[in-house]
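Right, one structure below, let's go through it.
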Amino acid sequence: MAHLEPLDPKVDSIRILTLLPRVDNPDSKELFCKLENKTLASKPKYEALSHAWGPNQATDTIFINGQKVLIRPRLHDALRSLQTGKGRSLWADALCINMEDTKERNDHVSMMSYIYSRATRVLAYLGPSHSAFSKTDMKEMGESYHYFSERNCQLISESIYWTRRWTIQEIIQAKEIRFHLGKGYFTLDNRFNSLSNASNSTWLDDHLERIENHRKYMHSHLQQLEVLLEMFKELECEDTRDKIFSLLGVADDTAQELIEADYAVNYYELYANLIDYHQSATPLQCRSNLFRSSTYSPEPWRENWQGFDVSIERSVRIVAFSNLVQKTLNSAVNQTQIPKSLSLGDPIVARGVIVGKVLSIGGTYDDYVSSWEANKKWKALLESTYKKDKDLAKWRENDAAFYQEMLKWDHNEVAAIQSCDTTRSYGYRESQGDEHITREALDSDDEDTQPRRFLGTKGLMGFLPPGAKEGDQICSFWEACFGVVIREVSEDRWMIVGRATMSKESLTPAVTESVYHDALHYGTENTSYSSLLSRTGDKFWAKQKELAYEALVFFKLDIPTLQKLTA
């Protein structure tokens with residue numbers, strides 16, 4: 001990038017872009033800028049531009065320090081909209097960072113939140129307006145809100161800016177934010193009336209409310225990386241690794257010590273670093289009710305959660321966190337070879353709950369997608385398996401819903417249902433020793449390598465990994481719609497057969513039963529028992545404790561096994 005003068009490696013510095021005043025011709029698209037290196041010690045004054053980069057191709061021209069530079073159309077539109085009758089000092093990542101220099105890019109990504117927090121104002125560019133603003137098109141009604149035309153409200157609502165992950169850090173860190181549509185703008189304080197007529201105004205208001213809450217509770221547990229990854233999991237980045245890196249600057253826990261913005265790192269190493277982070281991070285507190293239900297809608301198994309004891313919280317959450325990371329990285333971890341340098345270290349402890357036993361096994365995923373005959377046989381199998389079950393009608397309904405859902409699966413979702421050949425990872429009861437197990441119990445007469453559909457106790461249904469048998473047990477994990485198939489090899493010790501994917505409708509009754517929560521809490525002081533104990537006496541308490549003990553399974557998992565089971 002010829003227009004960039006190298007930064008002095010001996011001092012912390014950034015580049016500041018000065019957007020020069022517009023020329024006399026208002027129709028001219030030519031933009032002239034100066035770019036200067038500034039040390040942080042000089043306390044440069046600037047506004048930081050926050051925008052979605054848009055299409056990859058750089059087709060528009062500006063002049064920087066007299067040199068012709070090609071930039072993307074969306075950035076060009078933003079600069080034209082922000083241009084005034086006098087010079088304007090800006091920081092814009094696409095122009096102020098040498099993206100071809102990996103070290104400089106890594107360094108700037110690491111300090112991005114610092115750059116935005118130092119800016120006098122963050123200018124969030126949503127895109128061009130429908131037409132030039134006039135006094136009647138945008139009226140300030142007192143100091144409470146702005147009025148936009150219906151078409152401009154629609155443009156605000158549909159801007160790709162709201163879908164980009166980097167913008168979260170940039171907005172949360174800002175001292176002041178202006179959201180620009182063309183030359184018009186609004187702020188967080190005056191948005192609600194502005195967007196009331198937009199088609200997806202509810203989603204956008206919810207999204208902005210989440211951001212406001214994170215700004216308000218800047219240094220609370222909401223700023224843990226784990227929470228940020230979950231809250232903004234639907235937002236995208238050009239580089240998949242940026243789905244992690246873009247949140248490091250606002251993660252107010254220890255994430256920076258274990259995870260750094262490094263574009264040379266492969267996905268498996270990044271995954272392993274995130275697992276290390278999770279195991280050393282502060283346990284999460286009970287979730288605060290800070291979000292609208294339309295945005296943050298708890299799954300059924302979260303509704304009664306009163307929080308976990310700090311001694312077990314990491315072991316309860318690790319499986320769901322591992323799955324969240326892999327989804328965030330778009331399944332890239334599963335396609336990356338395990339690095340030879342990966343240290344297995346101590347196994348990770350996870351808590352699971354037995355939710356059912358395999359009763360019947362049917363055909364493969366391909367069978368049900370491609371063959372009507374296979375579906376007829378499956379219907380017959382369901383009827384014969386549950387013929388004496390009083391809830392048969394409900395199981396039929398769940399099966400029909402699951403069939404429609406599985407038709408939407410892509411290759412990654414099918415490939416995730418895989419067997420697991422390991423002796424280092426296993427299930428056990430807490431009172432048992434932790435010596436490694438053997439795999440003799442995995443002998444199978446079925447040579448099929450594809451997942452197979454199954455029916456289980458209490459209407460449980462889904463797909464099993466190759467090698468699973470009737471009689472195998474299935475463990476569920478907190479906030480996960482998949483489980484682990486296990487097979488008992490000795491008293492209170494289980495080998496791991498592989499991962500199972502289950503119908504959400506069939507799993508929900510199991511994970512909302514009190515015994516599910518009792519099992520996860522087993523071994524800690526569970527205050528929810530106190531009222532029951534006073535009303536029902538010791539016999540009830542003893543029975544509940546026995547059921548919880550029988551349902552709870554501890555797992556020792558090395559990193560490769562955890563990754564495979566949660567892909």
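The values are calculated or read from the model by the stated rules, or taken from the named source; none is laboratory data. The structure displayed is predicted, hence computed values, not measured ones. All Cβ positions, glycine included, derive from the backbone under ideal geometry; neighbour counts span all protein chains shown.
When SER425, SER444 are screened for being of a type in the set (Gly, Ala, Ser), farther than 28 Å from ILE348 by Cα and modelled with pLDDT under 95, only SER444 passes. Taking the conditions (1) surrounded by 14 or more Cβ atoms within 10 Å (Cβ to Cβ); (2) at pLDDT 90 or above in turn, GLN154 satisfies each one other than (2). Per the conditions (1) under 20 Å from VAL109 (Cβ atoms); (2) modelled with pLDDT under 80; (3) surrounded by fewer than 17 Cβ atoms within 10 Å (Cβ to Cβ), the sole criterion not satisfied by SER293 is (1). Pairing each residue of the range 403-430 that is closer than 25 Å to TRP494 by Cβ with any residue that is of a type in the set (Lys, Arg) and part of a helix (DSSP H, G or I), provided the two are 6+ apart or on different chains, yields C-beta distances under 8 Å for GLN418/LYS564; CYS420/LYS564. In the range 460-488, the residues that are in the same structural domain as GLY427 (by TED's automatic domain parsing) and without any contact (Cβ under 8 Å) to a residue 60 or more places away in the chain reach residues that are of a type in the set (S, T, N, Q) and assigned to a strand (DSSP E or B) with C-beta atoms within less than 7 angstrom, at least six apart or across chains, in these pairs: PRO465/SER419; PRO466/SER419; GLY467/SER419.
One line per residue, one yes/no per condition, for (1) assigned to a loop (DSSP other than H, G, I, E, B); (2) in contact with a helix residue (DSSP H, G or I) (Cβ under 9 Å, 6 or more places away or on another chain):
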| residue | (1), (2) |
| --- | --- |
| LEU7 | yes, yes |
| ARG15 | no, yes |
| LYS38 | no, no |
| PRO44 | yes, yes |
| PRO55 | yes, yes |
| ALA58 | yes, yes |
| VAL69 | no, yes |
| HIS76 | no, no |
| LEU90 | no, yes |
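For the range 27-82, what are the residues that are of a type in the set (Gly, Ala, Ser) and over 26 Å from SER117 (Cβ atoms)? The answer is SER28, ALA58, GLY66. Take GLN256 and decide whether it is within 16 Å of the chain's Cα centre (by Cα), polar (S, T, N, Q), at pLDDT below 90 and more than 30 Å from ALA500 (Cα to Cα). So GLN256 does not fit the description; no.
Output the number of residues of the range 524-567 satisfying the condition of being modelled with pLDDT of 85 or more and not polar (S, T, N, Q).
First pass over the range 524-567, keeping only residues modelled with pLDDT of 85 or more: 546-567.
Next, from what is left, pick out any that are not polar (S, T, N, Q): 546-560, 562, 564-565, 567.
So the answer is 19.
Quick check on the range 91-119: of everything there that is surrounded by fewer than 22 Cβ atoms within 10 Å (Cβ to Cβ) and in contact with a Phe, Trp or Tyr (Cβ under 7 Å, 6 or more places away or on another chain), which residue is farthest from LEU258 (Cα to Cα)? If we take residues in the range 91-119 being surrounded by fewer than 22 Cβ atoms within 10 Å (Cβ to Cβ) and in contact with a Phe, Trp or Tyr (Cβ under 7 Å, 6 or more places away or on another chain), then ALA94 is farthest from LEU258 (Cα to Cα).
Is it the case, given these coordinates, that LYS10 is surrounded by fewer than 19 Cβ atoms within 10 Å (Cβ to Cβ), of a type outside the set (Phe, Trp, Tyr) and either in contact with a strand residue (DSSP E or B) (Cβ under 6 Å, 6 or more places away or on another chain) or at pLDDT 95 or above (or both)? For LYS10, the condition - surrounded by fewer than 19 Cβ atoms within 10 Å (Cβ to Cβ), of a type outside the set (Phe, Trp, Tyr) and either in contact with a strand residue (DSSP E or B) (Cβ under 6 Å, 6 or more places away or on another chain) or at pLDDT 95 or above (or both) - is not met.
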